[in-house]
Amino acid sequence: MRNVLGRLVTDLSKKLSVHAVAALLLLSAAASAYSAPKTVLVLGDSLSAEYGLARGAGWVALAEQKLKDEKIDAAIVNASVSGETTSGGRTRLPALLDKYKPAVVVIELGANDGLRGLPVNAAQANLRAMSEAAAKAGARVMLIGMRIPPNYGRDYSDKFFAMYGSLSKEFNAPLVPFMLDGVADKTQLFQADRLHPLAQAHPTILANIWPVLQKTIKAK
(Lines give C-alpha, C1' and ligand atoms only; values in the text may rest on other atoms or scores of the structure.)
Protein backbone atom coordinates (compact mmCIF):
# COMPACT_ATOMS: atom_id res chain seq x y z
CA MET A 1 0.00 0.00 0.00
CA ARG A 2 2.84 2.34 0.95
CA ASN A 3 4.54 1.61 -2.40
CA VAL A 4 1.34 2.36 -4.30
CA LEU A 5 0.94 5.68 -2.53
CA GLY A 6 4.57 6.47 -3.24
CA ARG A 7 4.12 5.83 -6.94
CA LEU A 8 0.99 8.02 -7.02
CA VAL A 9 2.83 10.90 -5.35
CA THR A 10 5.75 10.51 -7.78
CA ASP A 11 3.43 10.42 -10.80
CA LEU A 12 1.54 13.48 -9.56
CA SER A 13 4.81 15.35 -9.02
CA LYS A 14 5.89 14.53 -12.55
CA LYS A 15 2.57 15.75 -13.97
CA LEU A 16 2.78 18.95 -11.98
CA SER A 17 6.32 19.46 -13.25
CA VAL A 18 5.24 18.97 -16.86
CA HIS A 19 2.37 21.41 -16.41
CA ALA A 20 4.65 23.89 -14.70
CA VAL A 21 7.20 23.67 -17.51
CA ALA A 22 4.44 24.05 -20.11
CA ALA A 23 3.11 27.11 -18.32
CA LEU A 24 6.58 28.65 -18.21
CA LEU A 25 7.07 28.00 -21.91
CA LEU A 26 3.74 29.64 -22.73
CA LEU A 27 4.58 32.63 -20.57
CA SER A 28 7.98 32.90 -22.26
CA ALA A 29 6.44 32.77 -25.73
CA ALA A 30 3.86 35.38 -24.77
CA ALA A 31 6.55 37.64 -23.36
CA SER A 32 8.61 37.29 -26.54
CA ALA A 33 5.60 38.08 -28.73
CA TYR A 34 4.78 41.07 -26.57
CA SER A 35 8.30 42.43 -26.68
CA ALA A 36 8.75 41.95 -30.44
CA PRO A 37 8.50 45.26 -32.31
CA LYS A 38 5.50 45.84 -34.53
CA THR A 39 6.28 45.81 -38.22
CA VAL A 40 4.94 48.69 -40.30
CA LEU A 41 4.92 47.97 -44.04
CA VAL A 42 4.97 51.03 -46.30
CA LEU A 43 3.77 50.27 -49.81
CA GLY A 44 4.30 53.36 -51.90
CA ASP A 45 5.70 54.92 -55.03
CA SER A 46 8.59 57.34 -55.68
CA LEU A 47 7.26 59.79 -53.08
CA SER A 48 8.09 57.19 -50.43
CA ALA A 49 11.03 55.54 -52.20
CA GLU A 50 13.36 58.57 -51.88
CA TYR A 51 13.49 59.22 -55.63
CA GLY A 52 16.24 61.72 -56.36
CA LEU A 53 17.21 61.98 -52.69
CA ALA A 54 20.16 60.84 -50.61
CA ARG A 55 19.37 57.67 -48.64
CA GLY A 56 17.78 58.51 -45.33
CA ALA A 57 16.36 61.86 -46.44
CA GLY A 58 12.80 60.75 -47.26
CA TRP A 59 9.77 60.84 -44.97
CA VAL A 60 9.87 57.08 -44.31
CA ALA A 61 13.45 57.26 -42.98
CA LEU A 62 12.51 60.32 -40.94
CA ALA A 63 9.56 58.38 -39.51
CA GLU A 64 11.89 55.53 -38.52
CA GLN A 65 14.06 57.98 -36.61
CA LYS A 66 11.03 59.52 -34.93
CA LEU A 67 9.89 56.09 -33.77
CA LYS A 68 13.29 55.64 -32.12
CA ASP A 69 13.26 59.12 -30.61
CA GLU A 70 9.83 58.57 -29.09
CA LYS A 71 10.70 55.01 -28.04
CA ILE A 72 7.79 53.49 -29.96
CA ASP A 73 8.44 49.77 -30.38
CA ALA A 74 7.93 49.48 -34.14
CA ALA A 75 10.10 48.84 -37.19
CA ILE A 76 9.37 50.09 -40.70
CA VAL A 77 9.82 48.04 -43.86
CA ASN A 78 9.85 50.39 -46.84
CA ALA A 79 8.60 48.38 -49.82
CA SER A 80 8.04 51.45 -51.99
CA VAL A 81 9.07 51.41 -55.66
CA SER A 82 9.44 54.40 -57.94
CA GLY A 83 6.84 54.39 -60.70
CA GLU A 84 4.55 52.00 -58.83
CA THR A 85 0.85 52.00 -59.67
CA THR A 86 -2.04 50.59 -57.66
CA SER A 87 -2.00 47.57 -59.96
CA GLY A 88 1.68 46.92 -59.23
CA GLY A 89 1.14 47.32 -55.50
CA ARG A 90 -1.78 44.91 -55.59
CA THR A 91 0.41 42.32 -57.33
CA ARG A 92 3.30 42.67 -54.88
CA LEU A 93 1.37 42.90 -51.62
CA PRO A 94 0.53 39.21 -50.95
CA ALA A 95 4.21 38.18 -50.92
CA LEU A 96 5.09 41.13 -48.68
CA LEU A 97 2.34 40.24 -46.21
CA ASP A 98 3.56 36.66 -46.11
CA LYS A 99 7.19 37.66 -45.64
CA TYR A 100 6.90 40.45 -43.08
CA LYS A 101 3.56 39.75 -41.33
CA PRO A 102 3.06 43.45 -40.60
CA ALA A 103 0.86 44.87 -37.87
CA VAL A 104 0.23 47.98 -39.97
CA VAL A 105 0.17 48.43 -43.76
CA VAL A 106 0.55 52.00 -45.00
CA ILE A 107 -0.66 52.33 -48.61
CA GLU A 108 0.69 55.37 -50.45
CA LEU A 109 -0.30 54.65 -54.04
CA GLY A 110 -2.39 56.18 -56.78
CA ALA A 111 -0.35 59.18 -57.90
CA ASN A 112 1.02 57.37 -60.97
CA ASP A 113 -2.46 56.13 -61.90
CA GLY A 114 -3.69 59.72 -61.75
CA LEU A 115 -0.78 61.18 -63.70
CA ARG A 116 -1.45 58.63 -66.46
CA GLY A 117 -5.17 59.28 -66.48
CA LEU A 118 -6.00 55.66 -65.65
CA PRO A 119 -9.64 54.97 -64.69
CA VAL A 120 -10.42 56.02 -61.13
CA ASN A 121 -12.67 53.00 -60.59
CA ALA A 122 -9.78 50.67 -61.47
CA ALA A 123 -7.43 52.40 -59.03
CA GLN A 124 -10.12 52.27 -56.37
CA ALA A 125 -10.68 48.56 -56.99
CA ASN A 126 -6.94 47.92 -56.59
CA LEU A 127 -6.75 49.92 -53.38
CA ARG A 128 -9.80 48.07 -52.08
CA ALA A 129 -8.22 44.70 -52.88
CA MET A 130 -5.02 45.70 -51.07
CA SER A 131 -6.97 46.89 -48.05
CA GLU A 132 -8.92 43.65 -47.96
CA ALA A 133 -5.75 41.54 -48.24
CA ALA A 134 -4.04 43.46 -45.45
CA ALA A 135 -7.07 43.22 -43.18
CA LYS A 136 -7.40 39.50 -43.86
CA ALA A 137 -3.75 39.08 -42.85
CA GLY A 138 -4.52 40.78 -39.53
CA ALA A 139 -2.92 44.13 -40.35
CA ARG A 140 -4.35 47.58 -39.73
CA VAL A 141 -4.63 49.56 -42.97
CA MET A 142 -3.64 53.21 -43.20
CA LEU A 143 -4.19 55.21 -46.38
CA ILE A 144 -2.21 58.18 -47.66
CA GLY A 145 -4.14 60.30 -50.14
CA MET A 146 -3.01 62.38 -53.06
CA ARG A 147 -4.34 65.23 -55.17
CA ILE A 148 -3.49 65.56 -58.86
CA PRO A 149 -3.57 68.55 -61.23
CA PRO A 150 -6.76 68.94 -63.31
CA ASN A 151 -4.96 67.83 -66.50
CA TYR A 152 -7.75 65.34 -67.27
CA GLY A 153 -10.55 67.64 -66.17
CA ARG A 154 -11.88 68.74 -62.81
CA ASP A 155 -14.34 65.86 -62.61
CA TYR A 156 -11.52 63.30 -62.89
CA SER A 157 -9.29 64.97 -60.30
CA ASP A 158 -12.21 65.39 -57.86
CA LYS A 159 -13.19 61.72 -58.16
CA PHE A 160 -9.56 60.70 -57.78
CA PHE A 161 -9.17 62.61 -54.52
CA ALA A 162 -12.55 61.44 -53.21
CA MET A 163 -11.71 57.74 -53.62
CA TYR A 164 -9.34 57.87 -50.65
CA GLY A 165 -12.00 59.24 -48.33
CA SER A 166 -14.48 56.67 -49.61
CA LEU A 167 -12.12 53.77 -48.97
CA SER A 168 -11.19 55.16 -45.58
CA LYS A 169 -14.85 55.02 -44.54
CA GLU A 170 -15.37 51.61 -46.13
CA PHE A 171 -12.52 50.00 -44.19
CA ASN A 172 -12.51 52.30 -41.17
CA ALA A 173 -8.92 53.00 -42.16
CA PRO A 174 -6.99 56.01 -40.83
CA LEU A 175 -6.38 58.51 -43.63
CA VAL A 176 -3.89 61.25 -44.42
CA PRO A 177 -6.00 63.21 -46.93
CA PHE A 178 -3.11 64.82 -48.84
CA MET A 179 0.52 63.99 -48.10
CA LEU A 180 1.85 67.06 -49.95
CA ASP A 181 -0.20 69.57 -47.99
CA GLY A 182 1.98 72.65 -47.48
CA VAL A 183 4.39 71.45 -50.16
CA ALA A 184 2.44 71.16 -53.43
CA ASP A 185 2.00 74.93 -53.82
CA LYS A 186 5.69 75.74 -53.27
CA THR A 187 7.64 75.17 -56.49
CA GLN A 188 10.94 75.87 -54.71
CA LEU A 189 10.45 72.64 -52.73
CA PHE A 190 10.50 70.42 -55.83
CA GLN A 191 13.20 68.81 -57.91
CA ALA A 192 13.70 69.92 -61.51
CA ASP A 193 10.95 67.57 -62.73
CA ARG A 194 8.39 69.52 -60.65
CA LEU A 195 6.95 66.19 -59.47
CA HIS A 196 9.25 64.99 -56.70
CA PRO A 197 9.87 67.02 -53.54
CA LEU A 198 13.35 67.97 -52.42
CA ALA A 199 14.78 66.63 -49.17
CA GLN A 200 13.87 69.85 -47.33
CA ALA A 201 10.19 69.19 -48.07
CA HIS A 202 10.13 65.78 -46.42
CA PRO A 203 9.96 67.00 -42.81
CA THR A 204 6.72 68.77 -43.81
CA ILE A 205 5.47 65.59 -45.49
CA LEU A 206 6.25 63.65 -42.32
CA ALA A 207 4.44 66.28 -40.26
CA ASN A 208 1.34 65.57 -42.36
CA ILE A 209 1.69 61.81 -41.92
CA TRP A 210 3.10 61.37 -38.42
CA PRO A 211 0.03 62.12 -36.25
CA VAL A 212 -2.03 59.51 -38.11
CA LEU A 213 0.82 57.00 -38.29
CA GLN A 214 1.65 57.30 -34.60
CA LYS A 215 -1.99 56.84 -33.58
CA THR A 216 -2.40 53.86 -35.92
CA ILE A 217 0.69 52.08 -34.57
CA LYS A 218 -0.28 52.64 -30.96
CA ALA A 219 -3.86 51.51 -31.58
CA LYS A 220 -2.61 48.22 -33.09
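For the reader, a short list of remarks on this structure follows.
- Sequence-ordered 3J(HN,Hα) estimates for region 142-148 from the Karplus curve with 6.51, -1.76 and 1.60 and θ = phi - 60° stand at 10, 10, 10, x, 9, 10, 10 Hz, glycine and proline given as x.
- Mean Cβ count within 10 Å, highest first, over the residues of peptides 46-54, 157-165: 46-54, 157-165
- The H on the amide N of Gly145, modeled in the peptide plane, is under 5 Å from the matching H of Val176, Phe178, Met179, each at least 5 residues off or on a different chain.
- Hz values of 3J(HN,Hα) by residue in region 203-220 - Karplus curve (6.51, -1.76, 1.60), Gly and Pro given as x: x, 5, 4, 5, 4, 6, 8, 4, x, 6, 5, 4, 5, 5, 5, 5, 5, 7
- Sorting Asp193, Asp181 by solvent-accessible area of protein heavy atoms yields Asp181, Asp193, largest first, with a 1.4 Å probe.
- Centre separation in Å (Cα based) which lies between region 82-127 and region 162-220: 16 Å
- The convex hull around the C-alpha trace of region 68-125, projected and averaged over every direction, spans 5.1 square nanometres.
- The apolar share of the surface of region 67-132, taken as the fraction of accessible area on carbon and sulfur atoms (1.4 Å probe, ligands and nucleic acids excluded), comes to 52 percent.
- Between Ala162 and Ala129, the FRET efficiency from the beta-carbon distance, with R0 = 22 Å, is close to 0.75.
- Probe 1.4 Å, accessible area per residue of region 103-143, Å²: 34 Å²
- Extending 7 Å from Cα along the Cβ direction at Asp73 and again at Leu115 yields two label points whose distance is 4.0 nm.
- Ranked by how many other beta carbons lie within 10 Å on average, peptides 107-114, 60-67 from highest: 107-114, 60-67
- Ile76 long-range amide H proximity, modeled H, under 5 Å: Val40
The values are calculated or read from the model by the stated rules, or taken from the named source; none is laboratory data. These numbers come from a predicted model, not from an experiment. Cβ: placed from backbone, ideal geometry, glycine included. Neighbour counts: every protein chain shown. Just so you know, the surface numbers come from the protein's heavy atoms only, side chains and all, with ligands and any DNA or RNA stripped out. Shrake-Rupley method; radii C 1.70, N 1.55, O 1.52, S 1.80 Å.
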